[in-house]
Structures are given as structure tokens and as C-alpha cells.
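Following: one structure in C-alpha cells, then a few remarks.
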Amino acid sequence: MAKNVNIIPEEINLIQIDILESSIKDLPKKEALGFNLNVGHSTMHNLDEQRVKIGLVIDLDSDSNLVDGKAHFVFDFHYQIQNLSNFYQFKENGEPLFSGIFISTLIGLSFSTARGIIFERLLNTNLQGIILPVVDPKKILLLND
């Protein structure tokens, strides 16, 4: 990307969070187990309204063969971005190509917010205490490329 524009946090406004799916298969009893984390993402935009939507799918599965605890969440995070045009260029076919660091920043904000929501959702279950790890958003971005 030819432009090198600084991301100003105050120009990123999280305006809506939608929890599209939320399912928890609880453990029969509270026990300390390891869990596998799988994350997927999608990105949509509305250039005229300077909006970007980050979709996240987050799955937690017990890594034990003896019990089958799991949780599944699908989120949409809606952002209003001041000066959105600073973060993309048009490809030859007319489609916008967003800066990787910009999209990584939005994925990082979204994942961090989802971590808190999932922690709260698991509080009254036997999965209580599971805290999603801090993840480099660039790695999430690369999962779908």
C-alpha cells in the first residue's frame, strides 16, 4: 500500500456489537482442562458511510478425550471510521484494498472485546475461568488469506 497513514485510535468508533450465535456445551463438573481455540474472521465495508464490519467466529473445544466441553460464538463488530479513505486504495478492478495494519488493528480490537464477552458468558458455567489468550491480530488476519 503506497500510503503510510498513522492510525489514530480516537478516529475509530465501535458503534455496535452483534452476538449472532452463542452456544455452550458445559462440562458435567468444573475441572481444569486445556482447550483448543479456533478463530475465523470476515470483513465487510461501506465506503460511503465510512463503516467497516469485522465478523469473528470463535470456537473453544476441550482437548480432552474424556469430556466434551465446548463453546461457539459468532460476533459482528461495526465500526465507524473517520477518514476511512486513508486506509485503502482501489485495485485495477475497482475494489478497495485495505491496509493490512488497519484491518489487523480492527481485528485486534474486536478479538479483545470478544475475549471479555466470552469470559462473562462462561462465568456461570463449569467452563468458568477460561480466558482466551492474547493473540497477534496479524496471525488471525493471515488465517483467512
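The numbers here are math on the coordinates, done by the rules we state, and not lab data. Since we're looking at a predicted model, the values are computed, not measured. Here the Cβ is made from the backbone with ideal geometry for all residues, glycine too, and neighbour counts use every protein chain on show.
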- Query: With r defined as the distance between the Cβ atoms of Glu92 and Ser42 and R0 fixed at 25 Å, what FRET efficiency is calculated, to the nearest 0.05?
  - Reply: 0.60
- Let a ≥ b ≥ c be the square roots of the eigenvalues of the Cα gyration tensor of the chain; is it rounded (a/c under 1.5), or, if not, prolate (a/b larger than b/c) or oblate? prolate
- Message: Using the Cα centre of the chain as the reference point, and only Cβ charges (+1 on K/R, -1 on D/E), how large is the resulting charge dipole? Debye, rounded to the nearest 20.
- Response: 240
- Enumerate the calculated ³J(HN,Hα) couplings along segment 98-104 in order (Karplus 6.51 cos²θ - 1.76 cosθ + 1.60, θ = phi - 60°), each rounded to whole Hz, writing x wherever the residue is Gly or Pro. 7, 4, x, 5, 5, 5, 4
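Relative contact order (percent) for the chain, with alpha-carbon contacts under 8 angstrom and 6 or more residues of separation?
On the way: 237 pairs, mean separation 38.8, N = 145.
Over the chain, the number comes to 27 percent.
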- Task: With a cut-off of 14 Å, note down the residues of segment 112-130 whose backbone N falls inside the zone around a label point 7 Å from the Cα of Phe35 toward its beta carbon.
- Result: 114-130
